[in-house]
Amino acid sequence: MSPPVHVVVVSYRTPQLLERCLGALAPDVASGLATVAVVDNASGDDSPSVARRAGADVVVSSANLGFGAAADVGARRRPDAPWVVVANADVAVRPGALRRLLDAAERDPGAGVLAPRLVTPGGAVQHSVHPFPTVRFSAAFALGLVERSPRLRRQLTLEGSWDPALERRVAWAHGALLLVRGATWRAIGGFDPRMWMYAEDLDLCWRAREAGWATRYVPDAEVLHEVSAATAAAWGDARRRRSLAATYRWIGRRRGWGRAAAVAACNVAGAGGRALAGAAPGRRYHAGWAVDHVRALGPRGSR
């Protein structure tokens, strides 16, 4: 009988972290819980050799496919797997994490995507769950309605107000590591390859919800995460604007470009208002944030 979980690790120029990632997965492989495939995005280093030495099924791409498309390639290595885990190479599962995600899925049969608690090397919990970027939410946030309601901030899982120890359904979760039901994965067709980098996790959770599946946050399943290890090396400070641009492209594709422009207008107006008011954490921060949103809306079809 094949292991129930198929783990797909997407690798790009982080061989040491990849080695740590695969080492952390080794007990789950040895116990018969999981198989592992590594898709290397044309790293041009010894990452494929690292993966082969660890016993993973290795696919070496001739080009950088981006995260989602590479994960789709790895998932096709076991197209009928009951469970698919998609992961960055910069994560390391803590002992029992995959089993706890599976246990949570048993408790919530309507959850098609399950997300662990992400912990940084310094021991802090990464804020990894978010509301969908809708016009309604963006307008309420710009008008200060969300900030004035602690209950609403907790409900929307906003940074600084969510409880990272509370297991619950959420709108969407970061894709550093996600467990996806095989039935959900096949129903939505995996990741959208047009989402080359950033917002592919947002898109996955959105399409899962549209297909009738929820996303569940499971804090008992802990995963160490070296945040932005590959993207920080590739893009530095520009990765924030790239992330914003990908989010606006996602809104345009899924909800229409009018909504994308409306969300941007709300975000810019809200940031501008805070800058004029000199609101914490300061005028300079909010003004820069508004400029980032204007730039991020940019050309619709570009990466």
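For the reader, a short list of remarks on this structure follows.
- Test: residue in the range 54-65 that is without any contact (Cβ under 8 Å) to a residue 40 or more places away in the chain, part of a helix (DSSP H, G or I), more than 22 Å from the chain's Cα centre (by Cα) and within 27 Å of Arg181 (Cβ to Cβ): no
- Criterion (touching a strand residue (DSSP E or B) at 6+ places or on another chain (Cβ under 8 Å), assigned by TED's automatic domain parsing to the domain that holds Leu178, under 29 Å from Ala187 (Cβ atoms) and surrounded by fewer than 19 Cβ atoms within 10 Å (Cβ to Cβ)) met by exactly one of Asp28, Asp57, Asp80: Asp57
Residue by residue, here is whether (1) under 17 Å from the mean Cα position of the chain (by Cα); (2) at pLDDT below 95 holds:
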residue: Gly144; (1), (2): no, yes
residue: Arg169; (1), (2): yes, no
residue: Ala176; (1), (2): yes, no
residue: Met195; (1), (2): yes, yes
residue: Thr215; (1), (2): yes, no
residue: Asp220; (1), (2): no, no
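- Which listed residue is modelled with pLDDT of 90 or more and either under 20 Å from the mean Cα position of the chain (by Cα) or among the aromatic types (Phe, Trp, Tyr) (or both), from Arg241, Arg254, Arg303: Arg254
- Near pairs, Cβ below 7 angstrom, 6+ apart or cross-chain, from the range 116-144 (in contact (Cβ under 8 Å) with a residue 24 or more places away in the chain) to any residue that is of a type in the set (Val, Ile, Thr) and in a loop (DSSP other than H, G, I, E, B): Thr120/Val227; Gln126/Thr120; Gln126/Val227; Val129/Thr157; His130/Thr157; Pro131/Thr157
- For Pro121, the conditions (1) within 19 Å of Pro3 (Cβ to Cβ); (2) surrounded by fewer than 17 Cβ atoms within 10 Å (Cβ to Cβ); (3) not β-branched (Val, Ile, Thr) all hold with the exception of (1).
The values are calculated or read from the model by the stated rules, or taken from the named source; none is laboratory data. Quantities reported herein were computed from a predicted structural model and do not represent experimental measurements. Please note: Cβ atoms are built from the backbone with ideal geometry, for glycine as well, and neighbour counts cover all protein chains shown.
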